[in-house]
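> Input: one structure, supplied below.
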Amino acid sequence: MKIQANDCDHTARFLLEEMRQELDVQLCTEGICLAAHSMEKPGFTVQEENGTVTVQYGSRVDFCRALAAVCAHAGESGWQAQESCVFDDFGVSLDCSRNAVMKPEAVCRFLRLAALMGYRFVGLYLEDTVEVEGEPCFGNQRGAYTGAQLQALDHYAESLGVELRAYIQTLAHINQITRYQTYEPIIDTDDILLVGDERTYQLLDRLLGSISQNIRSRKLNIGMDEAHMAGLGKYLDRNGYHPRTEVLLEHLHRVLELCRKYGFQTQMWSDLFFHQMDGKTCLNAGDVPRIPPEVELAYWDYYSCDKEHYKEILRQHRQMTDRVAFAAGAWKWTGFTPHNSYSMETGRAGLAACRESGVRSVVVTTWGDNGAEASPFSVLPALYADAQLAYDAPEDAARFCSITGISLHDFLKIDLPCRFSERAGVHNNASKYLLYQDALYGTFDSVVPDGIAAFYSETAEQLEPLCGTPRFGYVFETQRQLCRVLSHKAALSRTIYEAYHAQDRGCLQRLAQEEMPQLLADLGAFRQVFRRQWMQDNKPFGFEVQTIRLGGLEARLQEVRGVLLQYLNGELSCIEELEAPRIPFSYFEEQDLEKLNYNLWSVIVTPGVIG
């Protein structure tokens, strides 16, 4: 789109130049005449009249969001819009701790996209992936951000009007430092820091100091989630038993002292305190945890499509504090394939509940559990949908296309490798556990439907046209190649088992001589395109885990092929793994492929002990 920007203020012209990297915009002496100026109130207004588009905007992010709308509706006569965010605080967080640490240039790209959608802040979730002065082991060989990198990102975010924030951990979840002897004295149990030990607070002081020095925002999430065993290790040995709430409050007050030292406004996850209420809908005052008034409690929940569920839990949170925030989720943390459709359903319910309950602070999380295989850009549809809700704006698929260069309908095809149902309120991660389950053990075979090979072949064909798109084709190429692998792999173990017990030697011969060589070739190609995706989005650190996983899969498939050939050649009288009795999937009760999520690689790949 060609734009004449002669009547734009300095800020608007700067942002136009920056957003040319994402939008199809040319600044020239012809095309749409754009007049853009700041105004006092938040939000933006846009009015098209006689070929001139006039934009008034409250903040830099408001201008960026307005610009995306202008690009989407270029050429429409008389078009107008007025929007402002219904929340005081609205942002998105990026998981930079589950092996995938986004490259600074990829974070900058994400910041631009976030601004175009209207996100006011972007949080970096940093467990140990930040360099801390005086702590050389902290984040060592993990791709930790340097102070200089954080300062550069902070400066760039500010230029776009986006606030860069840190999401850290101050109690549990700093699991990767437990390997170092230097930290052993302050580990209570598992990956939980030892409450009450002065060395714990020395470490946290250094961590907070590093964040304070390199990121200007004074808003900080201190974590403290899922520390269920806090106080039950070294703390118990030293101090005897104390109720968990007492232990948590003891630690929280010490952490708050440090936060005040650096001027931080503190938010923490609510789950540990909330769970002490045991789901009671009405409590006596003495039963309610005494949350310090300076702390904002963030209620995280990504699992329900029922607005009333969220409203009830928010109501219960209000028994603890008036300062309640909400964290929604853009599901990219259960394997290679995201779940945008499901995320959009949960987001619609959760954000509506926030509006009706008066919640003013919302963040959309993008976790990366168990390896962070999915690209952070794979959930752009979910992030866009949540942003539209936050601005009380229509779906406006044209605006999404102007931001990404791909129609919303087409981008949602990235979910296809796990889309076994037309119901948006269910999800699964079959593309991960069917990839990694063992070809002889077939742990998940009882949920594999007939025709799954054809499903994956057809899905690969549907994804192929999107692989050539200029900006995000590499993300679709990963999904397409994954589907090519799964067209041979998803039903392989079941086919082997059935052919073996039917004494169908012809089928076993075909598998060993034709199917498995093609599978191995496709797997090698997948490893290459997946590596390309990782290196485009992330620092190289952490990819060695993916190499080990995929390389292990390749080696095991080679071994299984050899076992089949030995059996067919008469070198083996039987295949013992196939003689063992098989039971239906039994790791937990859910046995419906449409809804089955199983994300732990170490348990998917073998019933044996892997570490």
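Bear in mind these aren't lab numbers, they're just calculated from the coordinates by the rules spelled out. Computed from a predicted model, the values in this text were never measured in an experiment. All Cβ positions, even for glycine, are placed from backbone atoms using ideal geometry, and neighbour counts span all protein chains on display.
> What size of dipole, in debye to the nearest 20, comes out for the range 482-542 about its Cα centre when the only charges are +1 on Lys and Arg C-beta atoms and -1 on Asp and Glu C-beta atoms?
Approximately 280 debye in magnitude.
> For the range 443-514, what does the relative contact order come out to in percent, with C-alpha contacts under 8 Å and a separation of six or more?
This gives 32 percent for the range 443-514.
> If you take the charge dipole of the chain about its Cα centre, with +1 on Lys and Arg Cβ and -1 on Asp and Glu Cβ, which of Ile452, Gly608, Leu34 is farthest toward its positive end?
The Cα lying farthest towards the positive end belongs to Leu34.
> Further question: Kindly list the residues of the range 487-506 that lie in the label zone of Cys574, defined by a backbone N under 13 Å from the point 7 Å along the Cα-to-C-beta vector.
In the range 487-506, the label zone of Cys574 (backbone N under 13 Å from the point 7 Å along Cα→Cβ) covers 501.
> Please work out how much length the chain gains when fully extended from Leu600 to Asn239, using 0.36 nm per residue of separation minus the C-alpha to C-alpha distance, in nm with one decimal.
Stretched fully, the Leu600-Asn239 segment lengthens by 126.5 nm.
> Would you mind calculating the gained length between Gln518 and Gln141 on full extension (0.36 nm times residue separation, minus the Cα-Cα distance), in nm to one decimal?
132.1 nm
> How far, in nm, would the chain grow between Glu589 and Glu184 when pulled straight, counting 0.36 nm per residue and subtracting the alpha carbon separation?
So the extension gain works out to 142.1 nm.
> Additional query: Can you compute the charge dipole magnitude of the chain about its Cα centre, using +1 on each Lys and Arg Cβ and -1 on each Asp and Glu Cβ, nothing else charged? Give it in debye, rounded to the nearest 20.
It comes to approximately 740 debye.
> Another one. Where Lys and Arg each count +1 and Asp and Glu each count -1, what net charge lies around Thr495 among other residues with Cβ under 12 Å from its Cβ?
Result for the local shell: -2.
> Please compute P(r) over all alpha-carbon pairs of the chain, binned at 10 Å starting from zero, and give each bin as a whole-number percent.
3, 15, 24, 25, 19, 10, 4, 1, 0
> Further question: Suppose only helical runs count, i.e. DSSP H with n ≥ 4. What mean residue ellipticity at 222 nm does that imply for the chain under -39500 (n - 2.57) per run, divided by all residues and rounded to the nearest 500 deg cm²/dmol?
Result for the chain: -13000 deg cm²/dmol, rounded to the nearest 500.
> May I pose another question? Report the label-to-label distance for Val288 and Ala152 in nanometres (one decimal), using points 7 Å from each Cα along the Cα→Cβ vector.
4.8
> For the residue pair Glu422 and Arg360, what label-to-label distance in nm results when each label sits 7 Å from Cα along the Cα-to-beta-carbon direction?
4.4
> Further, regarding this structure: Can you grab the distance from the C-alpha centre of the range 147-194 to the C-alpha centre of the range 71-143, Å, no decimals?
One Cα centre to the other: 16 Å.
> Another one. In whole Hz, with x marking every Gly and Pro, tabulate ³J(HN,Hα) for the range 452-464 from phi via Karplus 6.51 cos²θ - 1.76 cosθ + 1.60, θ = phi - 60°.
5, 5, 5, 4, 6, 5, 5, 5, 4, 5, 5, 7, 4
> Provide the net charge surrounding Asn428, with neighbours chosen by a C-beta distance below 12 Å and charges set as Lys +1, Arg +1, Asp -1, Glu -1.
On the way: positive: Arg419, Arg423, Lys432, Lys595; negative: Asp415, Glu590, Asp592, Glu594.
The answer is 0.
> Quick one: if you stick a label point 7 Å off each Cα along the C-beta vector at Ile610 and Asn6, how many nm between them?
So the two model labels end up 6.5 nm from each other.
> If you don't mind, another one. Across the range 283-411, how large is the tail of the calculated P(r) beyond 27 Å, expressed as a percent of all Cα pairs? List each step's numbers first, then the result.
On the way: 2188 of 8256 pairs.
For the range 283-411, the share of Cα pairs beyond 27 Å comes to 27 percent.
> Let me check I have the definition right: for the range 58-175, take the eigenvalues of the Cα gyration tensor, multiply each by 5, take square roots. What are those semi-axes in whole Å, largest first?
Equivalent-ellipsoid dimensions as semi-axes: 34, 13, 11 Å.
> Something else now. So who's got an amide H within less than 5 Å of the one on Arg165, skipping anything under 5 residues away but keeping other chains? H placed 1.01 Å off N, in plane.
Residues meeting the criterion, in which the H sits 1.01 Å from N, are Val122, Gly123, Leu124.
> Roughly speaking, what is the centre-to-centre gap between the range 224-265 and the range 514-578 when only Cα atoms are used, to the nearest Å?
Rounded to whole Å, the Cα centres lie 45 Å apart.
> Compute the signed sum of charges (Lys and Arg +1, Asp and Glu -1) over the other residues within less than 12 Å, Cβ to Cβ, of Leu94.
Net local charge, Leu94 excluded: +3.
> Could you work out the relative contact order of the chain? I mean the mean sequence separation of Cα pairs under 8 Å and 6+ apart, divided by the number of residues, in percent.
In percent, rounded to a whole number, it is 12.
> Can you tell me what the convex hull of the Cα atoms of the range 429-604 projects to on average, as an area in nm²?
Approximately 10.7 nm², given one-decimal rounding.
> Given the convex hull over the Cα atoms of the range 89-376, what projected area results after averaging over all orientations, in nm²?
Values: hull surface 57.8 nm².
Taking a quarter of the hull surface, the average projection is 14.5 nm².
> When every alpha-carbon pair in the range 2-83 is counted, what percent end up more than 15 Å apart?
The proportion of pairs with Cα distances above 15 Å equals 49 percent.
> Among the listed pairs Lys307/Lys539; Lys234/Lys539; Lys219/Lys332, give every one whose C-alpha distance is greater than 27 Å. Could you put the intermediate results ahead of the total?
On the way: Lys307/Lys539 38 Å; Lys234/Lys539 36 Å; Lys219/Lys332 25 Å.
Where the Cα-Cα span goes over 27 Å, the pairs concerned are Lys307/Lys539; Lys234/Lys539.
> Within 10 Å of each residue's Cβ, count the other Cβ atoms and sort Val426, Val61, Val46 from fewest upward.
In increasing order of surrounding Cβ atoms, one gets Val426, Val46, Val61.
> Please give me, ordered by residue number, the GluC sites (Glu not before Pro) of the range 59-147 that lie in loop per DSSP and have at most 14 other Cβ atoms within 10 Å. Can you show the working numbers first?
Values: sites: Glu76, Glu83, Glu105, Glu127, Glu131, Glu133; in loops: Glu76, Glu127, Glu131, Glu133.
The qualifying sites are Glu76, Glu133.
> Taking a quarter of the surface of the convex hull around the Cα atoms of the range 476-521, what do you get in nm²?
Details: hull surface 12.0 nm².
Projected over every direction and averaged, the Cα hull of the range 476-521 covers 3.0 nm².
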